[in-house]
Amino acid sequence: MCGRFELKTKFDNLPDVLKQDYPSGLDSKYETQNLIRPTDPVLVIKNEGRIKTTFMSWGFISPWAKDPFDKERPRPFNARSETLEEKKLFCGSWKHKRCLIPASGFFEKKTSY
């Protein structure tokens, strides 16, 4: 499971799909990131009727959350593919609410055996 990733690609070298419909000022404020962690803002491509580049906060907000911005409540940031379809938290989103997250590398948590 990935718990950290990086995006070291400079803005001019990002794929064209990321530069089609992006937030105002992204081209001048964009910086490469060596370490992106859960809860950090993440550059994503989403498709809600049209492809759009935007920023999202890395973490899953449950559909039943009373306050989606409550920092005291933990936010899951990954799920097991084997049980994704069964889990109430993820079952609707994995079918209908997807996005692409550009990354130039990711870091796996090492486990000692």
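Bear in mind that the values in this text are calculations on the coordinates, not laboratory data. This one's a predicted model, so the numbers in the text were calculated from it and none came from an experiment. As a convention, Cβ positions derive from the backbone with ideal geometry for all residues, glycine included, and neighbour counts pool all protein chains shown.
Over the residues of the chain, the helix contribution to mean residue ellipticity at 222 nm works out to -1000 deg cm²/dmol, using -39500 (n - 2.57) for each DSSP H run of at least 4. Taken over the alpha carbons of the chain as equal point scatterers, the Debye sum produces base-10 log I(q)/I(0) values at 0.20, 0.22 Å⁻¹ of -1.28, -1.40. When all alpha-carbon pairs of segment 30-96 are counted, what percent fall beyond 17 Å? Considering segment 30-96, 55 percent of its Cα-Cα pairs are separated by more than 17 Å.
Listed by chain and number, the lysines whose alpha-carbon sits under 24 Å from that of Lys88, ignoring those within fewer than 8 places in the same chain, are Lys46, Lys66, Lys71, Lys97. In this calculation the C-beta distance from Phe107 to Gln20 is compared with R0 = 30 Å, giving a FRET efficiency of 0.55.
Sorted from longest to shortest, the spans of the Cα atoms of segment 9-48 along the three principal axes equal 26, 25, 17 Å.
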